[in-house]
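The structure under discussion appears below in the form of structure tokens.
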Amino acid sequence: MTTAVNNQSNQDVYAALGLNAPNSNATKKKNTLDQADFLRLMTEQLQHQDPLKPMDNTQMVSQMAQMSTVQGITDLNKSVKGFQESMASDQVLRGAALVGHQVLVPSEKLVLEKEGSVEGTVAAPAAGIVTVDVTDANGAKVTSISVEAKAAGETAFTWDGKDANGKRMEPGKYNIVANHVDTTGKSTKLSTFVQAPVESVTVGSDGLYLNLKGLGTAPLDYVLRVS
């Protein structure tokens, strides 16, 4: 008697061999046959086969191939899982190495400390004048910073932390808006990027996040530069 393992449920296979299927209420439940199950089934087939119609070599080789395929898939799944875990660990290590460093990330806000200045950049589309307006939490304009973009690309700016009258502003979070005026007088709003210190890292379900002082969290892949 031969019993094909393909396209049959576990209970059908055990029933065909005259065996009792595993208790569905057992502590360990399985929805698929593993390598041990294949070996057991093959042994039972050999023991219960019809002496007048024994299993031929082709059938035995076919079932052994099935067992090999199942084992191969299991090994592949383990390899993929191991690779994913390795990549996750590598990402955590890279993120942890950034703690204490300054990173440049996209942001329309900047944080002013009690002392010192704040640095950032814009991506200028062409040569021209870049103006960065700084406003407070209420939207009131604090000052404007003008820099010349020599060509298309990254253009840096620095806010010294003072208002238009030269008074030092209170520490805290401020808003920034950048505009570019080209040689024809055309004005274009630009994306802004600011530097912020990394205080810690958080592992999320969708990747690693950096906790930036005063700015909240930012995905690791948002980082444009580290200093």
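Just to be sure before I move on: is LYS162 surrounded by 13 or more Cβ atoms within 10 Å (Cβ to Cβ), touching a Gly at 6+ places or on another chain (Cβ under 9 Å) and either of a type in the set (Val, Ile, Thr) or at pLDDT 95 or above (or both) in the structure I sent?
Working: surrounded by 13 or more Cβ atoms within 10 Å (Cβ to Cβ): yes; touching a Gly at 6+ places or on another chain (Cβ under 9 Å): no; either of a type in the set (Val, Ile, Thr) or at pLDDT 95 or above (or both): yes.
Considered against the rule, which asks whether it is surrounded by 13 or more Cβ atoms within 10 Å (Cβ to Cβ), touching a Gly at 6+ places or on another chain (Cβ under 9 Å) and either of a type in the set (Val, Ile, Thr) or at pLDDT 95 or above (or both), LYS162 comes out as no.
Suppose the filter is in contact (Cβ under 8 Å) with a residue 24 or more places away in the chain and either in contact with a His (Cβ under 9 Å, 6 or more places away or on another chain) or not in a loop (DSSP other than H, G, I, E, B) (or both); does ALA151 pass it? No, not satisfied.
Any residue that is under 20 Å from ALA123 (Cβ atoms), more than 32 Å from the chain's Cα centre (by Cα) and either assigned by TED's automatic domain parsing to the domain that holds VAL130 or without any contact (Cβ under 8 Å) to a residue 12 or more places away in the chain (or both) - is there at least one of those in the stretch 190-211? The answer is no, given that none of the residues of the stretch 190-211 is under 20 Å from ALA123 (Cβ atoms), more than 32 Å from the chain's Cα centre (by Cα) and either assigned by TED's automatic domain parsing to the domain that holds VAL130 or without any contact (Cβ under 8 Å) to a residue 12 or more places away in the chain (or both).
The values are calculated or read from the model by the stated rules, or taken from the named source; none is laboratory data. Because the structure is a prediction, the values reported are computed rather than measured. For neighbour counting, all protein chains shown are included, and Cβ atoms are generated from backbone atoms with ideal geometry for every residue, glycine included.
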